[in-house]
1. So, for region 274-322, what is the accessible surface per residue at a probe of 1.4 Å, expressed in square angstrom?
2. Dipole size in debye (nearest 20) for region 72-227 around its Cα centre, Lys and Arg Cβ +1, Asp and Glu Cβ -1?
3. Quick one: grab Rg to one decimal and Dmax as a whole number for region 2-112, Cα atoms only, in Å.
4. How are the alpha carbon pair distances in region 111-225 distributed across 5 Å bins from zero to the largest one, expressed in percent?
5. With r defined as the distance between the Cβ atoms of N104 and E130 and R0 fixed at 22 Å, what FRET efficiency is calculated, to the nearest 0.05?
6. Find out how many positive minus negative residues lie around P78, taking Lys and Arg as positive, Asp and Glu as negative, among other residues whose Cβ is under 14 Å from that of P78.
7. Please compute, over every Cα-Cα pair in region 178-281, the percentage with a separation greater than 16 angstrom.
8. Cα convex hull of region 247-316: mean projected area in nm², to one decimal?
Amino acid sequence: MERAPRAAGPLAASTHQVAAREQFDYWHSLLIRFYADVDASARSAPTSGYTGSLRRTHFGGCAIDEVAADPIRVHRSPSAVRRNPGDFYELAVLREGATLLMQNGRVATQTRPGDFLLFDTALPYIFEFEGSTRQTLFQIPRELVDSEFPDARHVTAVTVSADRGIARVASHMLLSLSQNDEDRSDQASFSAAASTLTLAVTALRERTGRGHETHPMEALLAEAREYMTRNMADPEAVAPHRVAAAVNVSERYLFKIFQQVGATPQGWLRGIRLDRARRMLEEPGRRRSVHQVAAAVGFSSPAHFSRAFSSRFGFSPSEARERADHAGGGRGRAVVPRPGRPHGLGRHATALTVPSSSRTLSGIRPARRALI
């Protein structure tokens, strides 16, 4: 019988770990490490110091981050999307402060605790913390959102106020999930996460009045993505001509469909494969060989897989697996990009501390006001 994975404490990081002149660069490197290839700018001079903290747990296939930070402007450009297509949606729930999000020609603001919104890391965006702000961010694998809501890109940058009805229930459930003190990947956690996501999506549909209608090209994109994700372990099945045949379009039209997200079919799938591989390698309590993971996500050559993985994340598959080993024992250090990578880590940022107890988070800035 397969042994259930052991619970692991959350990952935690804070700019208090480094000197004031290096704090903003360190925070920027964390944004790249945990989210996506982004540019960032602060209101005050970076050398005067910057306060930011992050605490991550995993629950039901999603990463849940508690983020507190000084004012910042984060920009994910079209060129960054082309270099590193995003594999996630981010669902942001406000706890304190105010934010502004721009994506798909829309502008959304969060001003009241419990407000939530969705954005797509596969598309350009600008996200601002307009003051010292606390947020709960849910990093949700794309396939989970696309299967429930194929036209989700039409409701990004739309604020849902948690003042009544389904939205209020959804917001409360999202925040309740974030209070989990340990990583969980059991069936109950996946069911709870799926139910909460369904509520949040329902609130978004109600807010926008979109219902379940889908543009034909959006539906084809979702169908192609679902097929490629389901068959990623079989290189022949996900060849462009096979994908096109599976969704009943020409190969040329398939490439046109993927232009919507600024990628080619194979470029998008490469990102999906690597992100899936990283989740497999970092799963607490599960030790898989690099060769096993490479094959599971469709790489025939472990050497090619290792090069692609290192290029995307800044650390090797073996280092990712070591991180999971440490987390499974409730000790050790999380991996950050190696020195020399263009992440602005500086000499102090050799690791993110994984506390020995999930309830003891040294260096994390305490919240000034509680939401609930």
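The values are calculated or read from the model by the stated rules, or taken from the named source; none is laboratory data. Keep in mind that this is a model prediction, so the values were computed, not measured. Cβ coordinates were reconstructed from backbone atoms using ideal geometry, including for glycine residues, and neighbour counts include every protein chain displayed. Note: areas computed on protein heavy atoms with side chains; ligands, DNA, RNA excluded. Shrake-Rupley method; radii C 1.70, N 1.55, O 1.52, S 1.80 Å.
1. Working: 2010 Å² over 49 residues.
Heavy-atom accessible area per residue stands at 41 Å².
2. Numbers: 17 positive and 21 negative charges, 108 e Å.
Result for region 72-227 is approximately 520 debye, rounded to the nearest 20.
3. When restricted to Cα atoms, region 2-112 yields Rg and Dmax of 15.7, 53 Å.
4. Computed distribution, short to long bins: 2, 10, 20, 22, 21, 15, 8, 2, 0.
5. Values: r = 20 Å, r/R0 = 0.93.
The value I calculate is 0.60.
6. On the way: positive: R76, R82, R83; negative: D37, D39, D120.
Every neighbour counted, the sum reads 0.
7. Details: 3613 of 5356 pairs.
Cα-Cα pairs of region 178-281 separated by over 16 Å account for 67 percent.
8. On the way: hull surface 23.1 nm².
Answer in nm², one decimal: 5.8.
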